[in-house]
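What follows is one structure encoded as structure tokens, with my remarks underneath.
The values are calculated or read from the model by the stated rules, or taken from the named source; none is laboratory data. This is a predicted model, so every value here is computed, not measured. No Cβ is skipped: glycine too gets one built from the backbone with ideal geometry, and neighbour counts run over all protein chains shown. Please note that ligands, DNA and RNA were not included when accessible areas were found on the heavy atoms of the full protein model with its side chains. Shrake-Rupley method; radii C 1.70, N 1.55, O 1.52, S 1.80 Å.
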Amino acid sequence: MQSAPTSAPGCDIVVSCRGVTKSYGSDEAKVAALRGIDLDVRRGELLMIVGPSGCGKTTLISVITTILNHDAGECNVLGRDVQRMSEQERAVFRSKSIGFVFQLFNLLPALTAVENVAIPLLIEGVPWKSAKSRANELLATIGLGARTTALPANLSGGQQQRVAIARAVVHDPALLVCDEPTSNLDHETGHAVMEVLRSLTEKSNRTVIVVTHDHRIFEFADRIARMDDGRITEIVEGKDREQVP
Amino acid sequence: MLRVAVKMLLGDRVKYAGLLIGIAFTSFLVTFAGSYFAGFMTRGFALITENPRTDVWVMDPAVRSVEPTTNMPSSALDRVRSVEGVSTAVPLALGRADVRFPNGRFQSFQVVGVDDATLAGVPPLQDGVTAMALRAPDAVIVDPGGTTGKLQTPVETADQWYGGPPRLNVPTRKLGPGDDLLVNDRRVTVVGRARALSRYPPRPLLYTTYSNALRILLPERRRLTFVLVTAAPGLAPRALARRIEDRTGLRARASDDFKADTVWWILANSEDVGDIETMLSIAILVGFGVMGVLLYMFTNENLRQYAVLRAMGATPQRLMTMIFVQAALCAIIGTGLGLGVCAVAGQFLTGSDYPFRMMWFTPAVGALMVFIVSVVSAAISARCALTLEPGIVFSGR
């Protein structure tokens, strides 16, 4: 199946990719990671990107989050052409507009839960007291009000991922990118984490892109994009998830 | 974000302790080495330090330090005394002599001949003996001058002053009052032991009066090494020194200037100093190498955390600031610890005649060197953090 734009006419598009390509290496060692991605992501939707390892999922979210430059094509995120941003602009853009949730949580081990959650606010220049207050509120919202001073090493995997989600949304980003958020968690915990994720994004009409292999969480998706060999081969509505192999 | 930087640093106690120990060790090493070196240098001008009442030292125009020296004619003393502004001027003779002990052993001494009238230049003495003891005929006062075991005389009378070959392996004791020595075949009697400052290079010292020094030293046409001058009240030593030079044609230096001259002369001319410098430089380089590697490793091991911060939008400048803050904090605390340990060590060592002198510039040099290495290490580490690909935080990388 050919990759194709999938936005419905009139929808508010948060991410728009047209013919995006990206290769690694050079000459004979050149490997194409993205071979012409066309993708629209709507405001407020939860889009899951699935596919086998090495199909280009991570490269795609790296391009969307301005961490990586693409080689050709157009990629607009929140109305900004990512290719035209300077390194400094990209950093500021990420700090204000994008939240990240990683598979390995990537919490800073020396910082307590509340300090970890406050990091995006500190990066934005919010004073420590205000950042801490906001982080405490958010942790209480997701049921970790009693663990705010705990170090990551003293939290369970599920608790760590909830802290990571709180960290990702504390600065109220318009776009949330989650990389295998449930892969390191058991089914029940993964489900609970996704519930937290949904509860924190639904109200704010935030767009969420989730890269995952975990078919158990497909039920949370509004749409599911399947990637293979650097291309989006298929996009289905969440209700049709049974069609995704 | 500086709070985050500090917590990242303090969070890993083992690494943090390792860093602090490395930096403290390096600053200790540098400061200790500097103090050790300064100790040697101050020993070089011990003769000047032992004459605190002397404002100006007058010498042959060719002399640049208290060692080596060449002598002036005895008339120089009167010429100096005739200069306006000179309150007192006394002679001091320095000479080298091979001194024979009662069992036949010989030892090279520096002979210091002090003014007969004032006995100016005699260091503090042991056992309640006063400098007046030098007024006895052929009297000398001895001091090890920074050496050990060189002032030993036979215990048994039977081993002393006999004819025949020397008896070098007989039981000995410390030379003391009443013992005799031969200086250039002239017998002298030890009347006391001094507590003189240790010398660099170390050598036993033999204090006697100027007139007795002329008698026991090998005859020379000129025997006056220095004229020790005190300035009239209100007259600056440097001004008096210039005036003496103008009026007599001799070289005259204020005490502080003469100390500095001596240090520079030793630095420029002593082969021992070169050896010491080489050894200390190697030790310091090793210390700095260890410290630099530790600082670099700390940042390198935290690269993933920096990548997370970069992904979340921390600018390269902000990351660089964090790394420099971490390095600066380690450097300040580590340097403080190192200097503290060095000062404590110095307190113990100064009582044991060890050449340790923690002068103002030694901790300053230590701190400066640590600062430089910290900045360089932080810069190298920061380069790694700034050039890393933040995408490594994703699972696919």
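Of the residues making up the stretch B:353-397, those that are in contact (Cβ under 8 Å) with a residue 60 or more places away in the chain and within 14 Å of chain A (Cβ to nearest Cβ) number 8. Each residue in the stretch A:147-188 was checked for being out of contact with any strand residue (DSSP E or B) (no Cβ under 6 Å at 6 or more places or on another chain), open to solvent by less than 50 Å² (accessible area, probe 1.4 Å) and either hydrophobic (A, V, I, L, M, F, W, C) or within 18 Å of A:A113 (Cα to Cα) (or both), and 16 pass.
Going by the structure shown, is B:T350 over 15 Å from B:V375 (Cα atoms), in contact with a Lys or Arg (Cβ under 9 Å, 6 or more places away or on another chain), surrounded by 15 or more Cβ atoms within 10 Å (Cβ to Cβ) and free of Cβ contacts under 8 Å to residues at least 60 places away in the same chain? It is true that B:T350 is over 15 Å from B:V375 (Cα atoms), in contact with a Lys or Arg (Cβ under 9 Å, 6 or more places away or on another chain), surrounded by 15 or more Cβ atoms within 10 Å (Cβ to Cβ) and free of Cβ contacts under 8 Å to residues at least 60 places away in the same chain.
Checking each residue in the stretch A:34-51 for being under 19 Å from the mean Cα position of the chain (by Cα) and either of a type in the set (A, V, I, L, M) or part of a strand (DSSP E or B) (or both) picks out A:L34, A:I37, A:D38, A:L39, A:D40, A:V41, A:R42, A:L46, A:L47, A:M48, A:I49, A:V50. Every test in (1) surrounded by 17 or more Cβ atoms within 10 Å (Cβ to Cβ); (2) more than 25 Å from B:S75 (Cα to Cα) is passed by B:T147 save one, and that test is (1). Cβ separations smaller than 6 Å between residues 6+ apart or across chains give the following pairs from the stretch B:231-249 residues that are under 22 Å from B:V63 (Cβ atoms) to residues that are in a loop (DSSP other than H, G, I, E, B) and open to solvent by 30 Å² or more (accessible area, probe 1.4 Å): B:A231/B:D55; B:P237/B:D55. Hey, any hits in the stretch B:162-172 for a residue that's open to solvent by 20 Å² or more (accessible area, probe 1.4 Å), farther than 14 Å from B:V112 by Cα and not in a loop (DSSP other than H, G, I, E, B)? Among the residues of the stretch B:162-172, at least one is open to solvent by 20 Å² or more (accessible area, probe 1.4 Å), farther than 14 Å from B:V112 by Cα and not in a loop (DSSP other than H, G, I, E, B), which makes the answer yes.
Taking the listed residues B:R81, B:R100, B:R105, B:R96, the one that is open to solvent by 40 Å² or more (accessible area, probe 1.4 Å), out of contact with any Leu (no Cβ under 7 Å at 6 or more places or on another chain) and in contact (Cβ under 8 Å) with a residue 12 or more places away in the chain is B:R96, with no other qualifying. Note on the stretch A:125-211: enclosed helices (runs of 4 or more DSSP H) holding 1 or more residues that are within 13 Å of chain B (Cβ to nearest Cβ), touching a residue at least 40 places away in the same chain (Cβ under 8 Å) and more than 25 Å from B:V6 (Cβ to Cβ) are A:157-169.
B:G334 meets the conditions (1) part of a helix (DSSP H, G or I); (2) modelled with pLDDT under 90; (3) crowded, with 19+ Cβ neighbours inside 10 Å; (4) not basic (K, R) in every case but one. The failed one is (2). For the stretch B:73-113, the candidate set comprises residues that are aromatic (F, W, Y) and not in a loop (DSSP other than H, G, I, E, B); within that set, the residue that is nearest to the chain's Cα centre (by Cα) is B:F109. Here B:V86 meets each of (1) within 29 Å of B:Y354 (Cβ to Cβ); (2) modelled with pLDDT of 95 or more; (3) among the hydrophobic types (A, V, I, L, M, F, W, C) with one exception, condition (1).
Count of the stretch B:173-190 residues, restricted to those that are in a strand (DSSP E or B) and open to solvent by less than 50 Å² (accessible area, probe 1.4 Å), is 7. Taking the stretch A:76-94 as the range and being surrounded by fewer than 23 Cβ atoms within 10 Å (Cβ to Cβ) and either in contact with a Ser or Thr (Cβ under 8 Å, 6 or more places away or on another chain) or acidic (D, E) (or both) as the test, the residues that pass are A:N76, A:L78, A:D81, A:M85, A:E87, A:Q88, A:E89, A:R90, A:V92, A:F93. Across the stretch A:202-237, the qualifying residues are those that are surrounded by fewer than 23 Cβ atoms within 10 Å (Cβ to Cβ) and of a type in the set (S, T, Y), and the one among them that is farthest from the chain's Cα centre (by Cα) is A:T233. Scan the stretch B:138-161 for residues that are in contact (Cβ under 8 Å) with a residue 12 or more places away in the chain, out of contact with any Lys or Arg (no Cβ under 8 Å at 6 or more places or on another chain) and assigned to a loop (DSSP other than H, G, I, E, B) and the total you get is 4. When we screen B:L319, B:L339 for residues that are modelled with pLDDT of 85 or more, in contact with a Ser or Thr (Cβ under 7 Å, 6 or more places away or on another chain) and of a type in the set (A, V, I, L, M), the only hit is B:L339.
Please go through the stretch A:54-113 and pick out each residue that is part of a strand (DSSP E or B) and more than 7 Å from chain B (Cβ to nearest Cβ). Result: A:A72, A:G73, A:E74, A:C75, A:N76, A:V77, A:R80, A:D81, A:I98, A:G99, A:V101. Inspect the stretch A:34-54 for any residue being open to solvent by 70 Å² or more (accessible area, probe 1.4 Å), in contact with a strand residue (DSSP E or B) (Cβ under 7 Å, 6 or more places away or on another chain) and closer than 14 Å to A:D229 by Cα and give the result as yes or no. Yes: the stretch A:34-54 contains one or more residues that are open to solvent by 70 Å² or more (accessible area, probe 1.4 Å), in contact with a strand residue (DSSP E or B) (Cβ under 7 Å, 6 or more places away or on another chain) and closer than 14 Å to A:D229 by Cα.
Within the stretch A:51-69, residues that are within 14 Å of A:C17 (Cβ to Cβ) reach partners that are among the small types (G, A, S) with beta carbons closer than 7 Å, at six or more positions or on different chains, in the pairs A:G56/A:A33; A:G56/A:G230; A:K57/A:G51; A:K57/B:G396; A:T59/A:A33; A:S62/B:G391; A:L68/A:S62; A:L68/B:G391. All of B:R253, B:R318 fail the test of being open to solvent by 30 Å² or more (accessible area, probe 1.4 Å), more than 14 Å from chain A (Cβ to nearest Cβ) and over 20 Å from the mean Cα position of the chain (by Cα), apart from B:R253.
Checked against the criterion of being farther than 15 Å from B:V227 by Cα and touching a helix residue (DSSP H, G or I) at 6+ places or on another chain (Cβ under 7 Å), the candidates B:S65, B:S27 yield just one match: B:S27.
In the stretch B:292-302 there is no residue that is open to solvent by 20 Å² or more (accessible area, probe 1.4 Å) and within 29 Å of the chain's Cα centre (by Cα). On inspection, B:G128 fails the criterion of being free of Cβ contacts under 8 Å to residues at least 60 places away in the same chain, under 28 Å from B:P201 (Cβ atoms) and surrounded by fewer than 19 Cβ atoms within 10 Å (Cβ to Cβ).
To keep it simple, each residue is scored yes or no on (1) open to solvent by 60 Å² or more (accessible area, probe 1.4 Å); (2) under 24 Å from the mean Cα position of the chain (by Cα).
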residue	(1), (2)
B:L205	no, yes
B:S211	yes, no
B:L240	no, no
B:A268	yes, yes
B:D272	yes, yes
